[in-house]
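Presented below is the structure to which this report refers.
The values are calculated or read from the model by the stated rules, or taken from the named source; none is laboratory data. Computed from a prediction, not measured in an experiment: that's the story for all the values here. So basically every Cβ, Gly included, is an ideal-geometry build from the backbone, and we count neighbours across all protein chains shown.
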Amino acid sequence: MRLSSLPMRLSDGSVRPRNAWTFEGTVGYFNLASPSWHIATIHRELGLEGQPLDPSELRTLETRHPSDDIYNLDVEGWQFDLHVSRSFGAGYTISAHVPWMDVGHPNWDAISSDFHRAFGIGQGPRDALRNGDTMVYLYSGGRVVERTGEIAGSGLGDISLAASGPVGRVLGGDQRWAVAVDAPTGSTDGLWGSGGWDLGVRWFGDWRFGRSRLQLAAGYNWLDDSGSWLGIERSDIWQAQGVFFYRIAESSSLRLSVWYGSSILADFSDGQPGDPSLFFDIGARFGLSSRWWFALNLGENHIDHGAAPDFTLQLQLGTSFDRAP
């Protein structure tokens, strides 16, 4: 959901070598599986465990529980990203972020189910449903959004542009500002486009303590009223993130990140899809040479709310080119 609503990216506020081009490529797998208790109840009642969810079951639930928030968010896929930045004198940087998304593949959601079963961990309502399906279903206050296999596919997402600059040294850390804008380059028929111009402001802080480094960030997005997410008017969102790095070698480090933010569905749903998300990821970054680096991150949604996926796996490869003399 955040892909088409200008997600906050730490890379937009990073300090780069002066007069250098930086290129970063990222590929990430994501899985979002969040059904309300209603979905599993009707599925088990009809003896359909492990079978596809039928639209008639949803109509029955809407009749039985007209005042409830009922939902089934079942989406997995790949996201490919290219981030390009150009640094200038006095610490100013401009950057562009180009995302590509593929939804409905590779049917790895069974890995999570098998892991939970192997260790005797329950999955709640998810246990009753079939792996490998793609569905976005939201019912709230008589309003319904229902998309199934037609949202599977791939496409270019909304391209974002950002500019950042220094604020100065405050409270022992280097502070920066950034502004970002999303262009409506992604198709609104899928999950990767909003159809609107979104604007965001960011603050970044950076503190260093020997081998350790702490980055904090906060931001707010004004989402264009002419845009939407699968036809739903989006709520403006706030976002906050903290990242702790520990250097284990000259060009290698470990990372722990915590992300907390509101949902674009806050005004649509009073249930979990409209609640804020708390998302963790851990990772490591390794220098391959003086110019190239590689990183691996694994993330998980702690409270299973809002717009964040249940878990993610991300690989990154980056390089920097200094200006020729």
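Residue 290 versus (1) out of contact with any strand residue (DSSP E or B) (no Cβ under 7 Å at 6 or more places or on another chain); (2) surrounded by 14 or more Cβ atoms within 10 Å (Cβ to Cβ): which is the lone unmet condition?
So residue 290 meets the others, but not (2).
Could you tell me how many of the residues in the stretch 258-274 are free of Cβ contacts under 8 Å to residues at least 40 places away in the same chain, crowded, with 18+ Cβ neighbours inside 10 Å and more than 16 Å from residue 233 (Cα to Cα)?
1
Among residues belonging to the stretch 205-223 that are in a loop (DSSP other than H, G, I, E, B) and without any contact (Cβ under 8 Å) to a residue 40 or more places away in the chain, point out the one that is farthest from residue 172 (Cα to Cα).
Checked the stretch 205-223; the qualifying residue farthest from residue 172 (Cα to Cα) is 211.
Restricted to the stretch 91-134, and to residues that are aliphatic (A, V, I, L, M) and at pLDDT 75 or above, which residue is farthest from residue 10 (Cα to Cα)?
Among them, the one singled out is 129.
With the structure loaded, tell me whether residue 17 is under 18 Å from residue 129 (Cβ atoms) and modelled with pLDDT under 90 or whether it fails that test.
So residue 17 fails the test.
Mind checking which residues of the stretch 209-237 are touching a Leu at 6+ places or on another chain (Cβ under 9 Å) and closer than 12 Å to residue 197 by Cα?
Listed by number, the residues that qualify are 221, 222, 223, 224.
Which one of these is over 11 Å from residue 5 (Cα atoms), within 17 Å of the chain's Cα centre (by Cα) and of a type outside the set (Phe, Trp, Tyr): 160, 164, 154?
Answer to the selection: 154.
Identify, please: which residue in the stretch 140-162 is in contact with a helix residue (DSSP H, G or I) (Cβ under 9 Å, 6 or more places away or on another chain) and β-branched (Val, Ile, Thr) and is, among those, surrounded by the fewest Cβ atoms within 10 Å (Cβ to Cβ)?
144
For residue 201, work out the one condition from (1) at pLDDT 95 or above; (2) β-branched (Val, Ile, Thr); (3) touching a Lys or Arg at 6+ places or on another chain (Cβ under 7 Å) it doesn't fulfil.
Tallying (1) at pLDDT 95 or above; (2) β-branched (Val, Ile, Thr); (3) touching a Lys or Arg at 6+ places or on another chain (Cβ under 7 Å), residue 201 fails exactly one: (3).
Test of understanding: among 228, 253, which residue is hydroxyl-bearing (Ser, Thr, Tyr) and either under 24 Å from residue 13 (Cβ atoms) or surrounded by fewer than 18 Cβ atoms within 10 Å (Cβ to Cβ) (or both)?
Only one candidate qualifies: 253.
Residue by residue, here is whether (1) in a strand (DSSP E or B); (2) modelled with pLDDT under 90 holds:
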{"site": "155", "(1), (2)": "yes, no"}
{"site": "165", "(1), (2)": "yes, no"}
{"site": "186", "(1), (2)": "no, no"}
{"site": "190", "(1), (2)": "no, yes"}
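Filter the stretch 239-250 for residues that are under 19 Å from residue 7 (Cβ atoms) and buried (at least 16 other Cβ atoms within 10 Å of the Cβ) and give the result.
Within the stretch 239-250, 239, 240, 241, 243 qualify.
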